[in-house]
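The values are calculated or read from the model by the stated rules, or taken from the named source; none is laboratory data. Remember, it's a predicted structure, so these values are computed and weren't measured experimentally. Here the Cβ positions follow ideal geometry from the backbone for every residue, glycine too, while neighbour counts run over all protein chains shown.
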Amino acid sequence: MTVTEPLLEVDQLNVGYGEGIVISGLSFAIEAGGSLAVLGRNGAGKSTLMLALAGHLTPRSGRIRFRGNEIADLAPHRRCRLGIGWVPQGREIFAPLTVEENLQIAATNGPWTIERIFEMFPSLKARRTNFGDQLSGGEQQMLAIGRALVTNPRLLLLDEPLEGLAPVVAQDVARCITAITETESMAVILIEQHAGFALRLARQAIILERGIAVRNGESSAIAADRGALEQYVGIRKPGRAA
Ligand SMILES: Nc1ncnc2c1ncn2[C@@H]1O[C@H](COP(=O)(O)OP(=O)(O)OP(=O)(O)O)[C@@H](O)[C@H]1O
């Protein structure tokens, strides 16, 4: 029997800032094409985990293996080249560049082309010559997602993609993220305050509480664990999609 290695394997990860530890002893794995929701209250350590996976924070200890490579000490651009696409919480669009230029500087050969991003987000196409700081919050989020997709990643990291969006725009972005995860073979890790959306989207889920995984398993089991959602995520019942 052939045992296939997971796409991403995180083992006993410890991450912090200065002297303080934020993520403690975190371990999980994702298969190619898998999906993971990371839930938890504000300050639980969700973004810190994403920063460590994307390469913007070096772990204090522990292993991060991606496609067979140990990447814990690898710079962000080298992780990107290996196939990790990152949609940061603040979107971090390049303001002096146009929509098209933001995509062009990230684009690599592969199924995700700039034209395909424009098909998925027609409003971006209409604004292809607008500068990054001339876009609405929703358009910036679409551009941040598009910019990560045109790197043709094997793993897409999405840090609160619906945050701060008007409900109708959030629905649009949520629909596109759902379509991407359903039709593509790329794996996704999603941080989202909209726990209902995250749990429906992802097959696996982790709940973080002060940097420790207090739940780690199938999303369906975690969605049914109302006690844990109330205690650690602060919701009485999973809401519908944003
Ligand atoms: N640059 C930093 N320097 C020092 N401490 C930080 C820094 N960024 C975050 N922290 C601390 O790390 C802890 C986890 O923060 P993090 O942003 O990872 O949480 P989160 O779960 O993503 O929360 P939120 O939903 O509010 O973004 C918090 O106590 C926060 O104050």
Query raised in the report: Looking at R63, is it at pLDDT 95 or above and under 20 Å from the mean Cα position of the chain (by Cα)?
Result: yes
Query raised in the report: R79: part of a helix (DSSP H, G or I), of a type outside the set (S, T, Y), in contact with a helix residue (DSSP H, G or I) (Cβ under 8 Å, 6 or more places away or on another chain) and at negative phi, yes or no?
Result: yes
**Report entry** Odd one out for T129 among (1) out of contact with any Lys or Arg (no Cβ under 7 Å at 6 or more places or on another chain); (2) of a type in the set (S, T, N, Q); (3) assigned to a helix (DSSP H, G or I)
**Finding:** (3)
**Report entry** Cβ pairs under 8 Å, 6+ apart, first in the stretch 18-44 and farther than 24 Å from R67 by Cβ and within 12 Å of the ligand (Cβ to nearest atom), second assigned to a loop (DSSP other than H, G, I, E, B) and of a type outside the set (K, R)
**Finding:** I21/G211; V22/G45; V22/G211; S24/G211; L39/E192; R41/G234; A44/G211
Report task. Count, please, the residues in the stretch 1-17 that happen to be more than 12 Å from the ligand (Cβ to nearest atom), crowded, with 16+ Cβ neighbours inside 10 Å and either closer than 13 Å to G211 by Cα or of a type in the set (A, V, I, L, M) (or both). Result -> 5
Report summary line: Among residues of the stretch 51-64 being in contact with a Pro (Cβ under 8 Å, 6 or more places away or on another chain) and in contact (Cβ under 8 Å) with a residue 24 or more places away in the chain, the residue farthest from the ligand (Cβ to nearest atom) is G55
Report task. Working only within the stretch 18-27, note down all residues that are surrounded by 19 or more Cβ atoms within 10 Å (Cβ to Cβ) and out of contact with any Ser or Thr (no Cβ under 7 Å at 6 or more places or on another chain). Result -> L26
